[in-house]
1. For the chain, list the helices (runs of 4 or more DSSP H) that sit wholly inside it and hold at least 2 residues that are modelled with pLDDT of 85 or more and surrounded by 12 or more Cβ atoms within 10 Å (Cβ to Cβ); which are they?
2. Residue check: is ILE40 within 11 Å of the chain's Cα centre (by Cα) and among the hydrophobic types (A, V, I, L, M, F, W, C)?
3. Of all residues being of a type in the set (D, E, K, R) and more than 14 Å from ALA17 (Cα to Cα) in region 43-69, which is farthest from the chain's Cα centre (by Cα)? Just the residue, please.
Amino acid sequence: MRITKRNYTLDLIRSLAIFLMIIFHFIYDLKYFGWLTWDIPDGDGWKHFRYVILTLFFICIGVSLVYSYAEQIHPKKFLKRLAKVAMGEG
């Protein structure tokens with residue numbers, strides 16, 4: 001039986017990324033419906049904000065992969081999951 005400890009730092013980073021994504025899309029929607037005239041998503045500040053969000057998500061993905069395959073890499077399982085993600089099913 002494998003005992004795992006939850007990584008609260010990873011949960012915090014993931015939650016922050018989701019929260020920032022909600023803010024970004026909320027402001028984007030306000031601009032789309034004509035409530036704001038800000039230069040989103042093409043303004044310099046908004047591009048940097050978008051890069052921060054993407055970086056946080058990629059950090060979460062990388063750390064999760066390390067935890068998932070810490071004991072041993074299962075190539076068949078990994079390739080099956082990769083194929084699902086590539087096809088948009090995962």
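The values are calculated or read from the model by the stated rules, or taken from the named source; none is laboratory data. Because the structure is predicted, anything quoted here is derived from the model rather than measured. As a convention, Cβ positions derive from the backbone with ideal geometry for all residues, glycine included, and neighbour counts pool all protein chains shown.
1. It comes to 8-32, 44-68.
2. It is false that ILE40 is within 11 Å of the chain's Cα centre (by Cα) and among the hydrophobic types (A, V, I, L, M, F, W, C).
3. That would be ASP44.
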